[in-house]
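Okay, structure first, notes after.
The values are calculated or read from the model by the stated rules, or taken from the named source; none is laboratory data. Only a predicted model underlies this, so the values are computations on that prediction, with no experimental measurement involved. Using ideal geometry, Cβ is built from the backbone for each residue, glycine included, and neighbour counts are taken over all protein chains shown. For accessibility, only protein heavy atoms count, side chains too; no ligands or nucleic acids. Shrake-Rupley method; radii C 1.70, N 1.55, O 1.52, S 1.80 Å.
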Amino acid sequence: MRYEGPIYRPPSEADSLLVQATVGCPHNLCTFCMVYKDGIKFKVRPVADIKADLDEAAASCGSQVRTLFFPAGNTIAMPTAALAEICRYSRTLFPRLKRITVYGSSHYIRRKGAEQLQALAQAGLSRIHVGVESGDDAILTRIKKGATAADHIAAGTLARAAGIEINAYVMLGIGGLERSESHALETARVINEMRPAVVRLRTLVPKVNTPLLQDIQAGRFQMLGPHQVLEETLALISGITIPTLVASDHYTNYLDLAGRLPEDREYLREKLRQALSRDESTFRPFFIGTQ
Ligand code: SF4
């Protein structure tokens, strides 16, 4: 198995076979993201190489593979025919394969359009992890996400119509003190229109070698403290009206939240209120991330 550059996968893909389809990220501008800031250029691996890695995995553990994740940062941006081919090929190799997943930003998903997304779904792509971060356009512009709230909504609508599940990642605290309220309200609005199967919460941890860390150090961005993040989460959970799952499966969060909306809304809100009664010193300390 050959890997090139940083290989990241979300915790929910911990048991997945990882076969690299792309290298780097074609966007690589998000101000909070350090993953590819060392200059690695985006490229799509040759389909023959990807297939050779799939063959190798099939020979060694083919009958055990139930979920497959194709890194790297924005694999949805690879040409549709090539992505469809490796999805189809994987479905022939792994008899127990239930799910094929990639990372994909909303603007790349939107660019695919209905027809290409349907082709990918038919080829076996089943889930896309989407870094929504926020539904507030002012924040999305400031963090250079490359996607607007309208892109997020279109991506969710198109993917769902094609039969591809969206897992939406929301970054708590990414609006800073200045836009915390708007971040919660606008993100809930966008989530309600995107209708992702799962909303996965992460909390902003500034990372080394990122423009956002420079803004924090220069006083241009005021981070939220633990209670402010929890208040933001409360507003977000209160504003999501669609049926969806909420998960905070990440080390950055101050509180582990998991539940189904709308059924568990009161349980989640109560958990947040209880956490808000704790002294701030009992939460994880501020730190600068290095990975
Ligand atoms: S799209 Fe994802 S991988 Fe690319 S720069 Fe933004 S956060 Fe990083």
Close pairs from region 220-246: first under 11 Å from G176 (Cα atoms), partner part of a strand (DSSP E or B), Cβ under 6 Å, at least 6 apart: V229/L172; V229/T203; E232/L172
It is to be established whether one or more residues within region 147-170 are acidic (D, E) and open to solvent by less than 30 Å² (accessible area, probe 1.4 Å). yes
Of the numbered conditions (1) among the hydrophobic types (A, V, I, L, M, F, W, C); (2) within 14 Å of the ligand (Cβ to nearest atom); (3) more than 27 Å from S248 (Cα to Cα), C30 fails exactly one; give the number of that condition. (3)
Count of region 263-287 residues which are assigned to a loop (DSSP other than H, G, I, E, B) and more than 22 Å from the chain's Cα centre (by Cα): 9
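So for region 157-178 (the condition being among the acidic types (D, E) and part of a helix (DSSP H, G or I)), does at least one residue qualify? Before the answer, list the steps.
Here is the first cut: in region 157-178, the residues among the acidic types (D, E) are 165, 178.
From what's left, part of a helix (DSSP H, G or I): none.
No, the conditions are met nowhere in region 157-178.
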Among (1) within 16 Å of the ligand (Cβ to nearest atom); (2) out of contact with any Lys or Arg (no Cβ under 8 Å at 6 or more places or on another chain); (3) modelled with pLDDT under 95, there is one condition I109 misses while meeting the rest; what is its number? (3)
Selection from region 184-202 of residues that are under 16 Å from T241 (Cα atoms), open to solvent by less than 40 Å² (accessible area, probe 1.4 Å) and not aliphatic (A, V, I, L, M): T187, N192, P196, R200
Tell me yes or no: at least one residue of region 109-124 is open to solvent by less than 20 Å² (accessible area, probe 1.4 Å) and part of a loop (DSSP other than H, G, I, E, B). yes
Leading residue by the ranking (farthest from the ligand (Cβ to nearest atom)) among those in region 68-96 that are open to solvent by 20 Å² or more (accessible area, probe 1.4 Å) and either under 12 Å from G124 (Cβ atoms) or in contact with an Asp or Glu (Cβ under 6 Å, 6 or more places away or on another chain) (or both): T92
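Scanning for something buried (at least 16 other Cβ atoms within 10 Å of the Cβ), of a type in the set (S, T, Y) and within 12 Å of the ligand (Cβ to nearest atom), does region 14-21 turn up at least one residue? Explain how you work it out, then say what you get.
Initial filter on region 14-21 (buried (at least 16 other Cβ atoms within 10 Å of the Cβ)): 16-21.
If we keep only those that are of a type in the set (S, T, Y) as well, we get 16.
Next, only the ones that are within 12 Å of the ligand (Cβ to nearest atom) stay: none.
There is no residue in region 14-21 that is buried (at least 16 other Cβ atoms within 10 Å of the Cβ), of a type in the set (S, T, Y) and within 12 Å of the ligand (Cβ to nearest atom).
Taking region 218-237, which residues are open to solvent by 10 Å² or more (accessible area, probe 1.4 Å) and either within 17 Å of D256 (Cα to Cα) or of a type in the set (D, E, K, R) (or both)?
R220, G225, P226, H227, Q228, E231, L234, A235 - these are the residues of region 218-237 that are open to solvent by 10 Å² or more (accessible area, probe 1.4 Å) and either within 17 Å of D256 (Cα to Cα) or of a type in the set (D, E, K, R) (or both).
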